[in-house]
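Taking it in order: structure first as structure tokens, then the write-up.
The values are calculated or read from the model by the stated rules, or taken from the named source; none is laboratory data. Only a predicted model underlies this, so the values are computations on that prediction, with no experimental measurement involved. Every residue, glycine as well, gets a Cβ built from its backbone with ideal geometry; the counts of neighbours run over all protein chains shown.
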Amino acid sequence: MAKHDHGLGAETLERILQVTRQLAAPFELQEMLGQVVDAGIAVLSADRGSVFLYEQATDELVGYVTTGMEALRIPAGKGIAGECARTREVVNVPDCYADPRFNPEVDRKTRYRTRCLLAVPLVGHDDSLVGVLQLLNKRNGTFGEEDERVAHALAAQCAVALQRVRMTEELLVKEKIQRELAVAREVQMGFLPRRMPDLAGYDLAGTSIPADETGGDTYDVVALGPDRVSLLLGDATGHGIGPALSATQVRAMLRIALRLGAGVAETLVNINDQLEQDLASNRFVTAFLGTLEAQDHRVTYHSAGQAPLMHFHAAGDECEWLASTTLPLGLMAPMALKQAATIDLAPGDILGLITDGVFECEDAEGRQFGEAGVKRLVREHQMRPMAELRDLLVEAVKAHQGDAPQADDITIVLVRRLPD
């Protein structure tokens with residue numbers, strides 16, 4: 001008996017090569033998916049077809065192109081397409097309605113009758129699962145062994161083409177996001193004070209370093225006259241675009257309130273009420289808002305969940321750590337405030353408004369930089385200009401975290417009353 005030739009015929013090879021040349025052209029993903037379905041229908045003489053792309057994050061097969069049918073989302077491993085994906089083998093079903101793996105729901109919705117089905121795994125050049133190509137209703141019969149061999153050869157070309165397009169689009173999306181984030185960072189950083197206002201008898205410095213391209217921290221120091229400044233430190237939950245918008249919103253509302261002549265309590269209540277309407281229920285902003293009067297060297301403030309606040313007493317060479325005075329902003333409205341708290345600054349004293357990115361920074365053993373780390377730096381370098389102390393504090397935090405990436409936004413505002 002003569003042996004069967006399991007190779008592909010010259011005509012079939014030519015058709016696959018033609019498809020390969022077509023798929024080499026630059027396509028967007030949706031267009032490429034359509035090309036893959038059309039190629040399968042043409043080469044295997046099918047009536048309809050669909051492509052399911054594999055999403056590793058959800059372990060699902062997603063039907064992006066389904067000619068004549070609506071898109072589907074199914075767990076990988078479920079049904080005929082799922083078995084094809086799991087085994088990475090062609091699944092040939094000559095009679096769909098006699099196969100328990102077949103889901104007739106799609107037929108009912110589309111009023112289409114699926115007689116036979118060929119599911120072909122799409123495996124990339126790196127042996128990763130790209131998806132599954134399904135072809136329905138072989139013209140003039142059912143799919144045979146020759147169709148399975150053709151499908152294998154065709155799928156190899158289609159998988160690589162799809163993988164190339166997906167990787168290209170993912171790269172383009174990432175580049176676009178990076179460009180947009182770079183612009184967002186530039187805008188956000190542009191809202192921070194370019195220089196500190198001059199205040200007789202005081203040295204002020206501040207900085208904000210986002211953990212990502214954008215951050216949820218903000219600060220502001222606004223001159224209210226020759227001897228008064230407004231101090232703001234805000235920390236929105238999380239970091240990234242959403243918290244960055246919240247933090248920027250707080251600063252913008254503060255500026256408006258200051259122009260209208262509002263006091264600390266009135267400003268904080270109005271900001272809270274607006275955030276309570278704008279933020280999701282699991283979002284809030286901790287904030288310090290105060291006014292420094294240079295004539296009597298007193299800071300009058302409210303601290304909405306922002307703590308600890310550092311008051312370094314130069315006379316005793318000690319740090320006093322102050323708690324917040326009310327709830328974070330955006331949790332509930334209306335906001336009931338007690339009488340504002342005050343801090344009296346003696347000669348040489350330093351007020352430190354510092355976010356969690358400093359205190360909660362961990363080393364390789366999980367030890368936090370903490371209040372002790374801040375106290376040590378301030379004690380040692382209290383006589384230096386505040387800009388230098390600020391930079392030394394940032395350097396110390398970076399050294400503490402070692403090679404680990406920055407886990408949270410770092411924001412520092414330092415106010416020192418100069419010695420008499």
- Item | Matching entry among Leu289, Leu268, Leu331, Leu353 (being outside any loop (DSSP other than H, G, I, E, B), farther than 30 Å from Asp420 by Cβ and in the same structural domain as Ala399 (by TED's automatic domain parsing)) | Leu268
- May I ask you to list the residues in segment 229-261 that are outside any helix (DSSP H, G or I) and out of contact with any helix residue (DSSP H, G or I) (no Cβ under 7 Å at 6 or more places or on another chain)? Val229, Leu231, Leu233, Gly238, His239, Gly240, Leu260, Gly261
- Task: Search segment 185-202 for residues being out of contact with any Asp or Glu (no Cβ under 8 Å at 6 or more places or on another chain) and farther than 18 Å from Ser246 by Cβ, and hand back the single one that is modelled with the lowest pLDDT.
- Result: Glu186
- For segment 130-139, state whether one or more residues are in the same structural domain as Asp47 (by TED's automatic domain parsing) and out of contact with any strand residue (DSSP E or B) (no Cβ under 8 Å at 6 or more places or on another chain). no
- Message: Quick check on my filter: what residues within segment 377-392 are over 13 Å from Arg416 (Cβ atoms) and either surrounded by 15 or more Cβ atoms within 10 Å (Cβ to Cβ) or within 32 Å of the chain's Cα centre (by Cα) (or both)?
- Response: Leu377, Asp391, Leu392
- Hey, could you check segment 313-326 for residues that are in contact (Cβ under 8 Å) with a residue 24 or more places away in the chain and within 37 Å of the chain's Cα centre (by Cα) and say which is farthest from Ile271 (Cα to Cα)? Cys319
- Go through Arg86, Arg48 for me and flag whichever is basic (Lys, Arg), modelled with pLDDT of 60 or more, under 31 Å from the mean Cα position of the chain (by Cα) and under 24 Å from Val106 (Cβ atoms). Arg86
- Task: Of the numbered conditions (1) of a type in the set (A, V, I, L, M); (2) at pLDDT 85 or above; (3) within 20 Å of Leu162 (Cβ to Cβ), Leu72 fails exactly one; give the number of that condition.
- Result: (2)
- Message: Against the definition (part of a loop (DSSP other than H, G, I, E, B) and in contact (Cβ under 8 Å) with a residue 60 or more places away in the chain), how does Gly348 come out, yes or no?
- Response: yes
- Message: Pull out all pairs, ordered by first then second residue, where Cβ-Cβ is under 9 Å, the residues are six or more apart or on different chains, the first lies in segment 153-177 and is polar (S, T, N, Q), and the second is surrounded by 11 or more Cβ atoms within 10 Å (Cβ to Cβ) and not in a helix (DSSP H, G or I).
- Response: Gln163/Leu122; Gln163/Gly124; Gln163/His125; Gln163/Ser128; Gln163/Val130
- Are there any pairs with C-beta distances below 7 angstrom linking a residue in segment 394-417 that is without any contact (Cβ under 8 Å) to a residue 60 or more places away in the chain to a residue that is assigned to a helix (DSSP H, G or I), with the two at least 6 apart or on different chains, and if so which? Ala396/Gly373; Ala396/Leu377; Val397/Val358; His400/Gly373
- Message: Let me spell it out: the conditions are (1) touching a residue at least 40 places away in the same chain (Cβ under 8 Å); (2) over 26 Å from Glu170 (Cβ atoms); (3) surrounded by fewer than 16 Cβ atoms within 10 Å (Cβ to Cβ), and Leu136 meets all of them except one. Which number is the exception?
- Response: (3)
- Go through Ala340, Ala404, Ala346 for me and flag whichever is more than 33 Å from the chain's Cα centre (by Cα) and at pLDDT below 95. Ala340
- Message: Quick check on segment 116-128. Is at least one of its residues aliphatic (A, V, I, L, M) and surrounded by fewer than 23 Cβ atoms within 10 Å (Cβ to Cβ)?
- Response: yes
- Note on the structure: The correct count of residues that are modelled with pLDDT under 85 and in contact with a strand residue (DSSP E or B) (Cβ under 8 Å, 6 or more places away or on another chain) in segment 107-129 is 1
- Message: I'd like the full set of residues that are surrounded by fewer than 17 Cβ atoms within 10 Å (Cβ to Cβ), among the small types (Gly, Ala, Ser) and under 25 Å from the mean Cα position of the chain (by Cα), limited to segment 258-292.
- Response: Ala280, Ser281
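Yes/no per residue for (1) touching a Pro at 6+ places or on another chain (Cβ under 9 Å); (2) at pLDDT 95 or above:
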site: Leu260; (1), (2): no, no
site: Gly263; (1), (2): no, no
site: Asn272; (1), (2): yes, no
site: Gln277; (1), (2): no, no
site: Ala294; (1), (2): yes, yes
site: His297; (1), (2): yes, yes
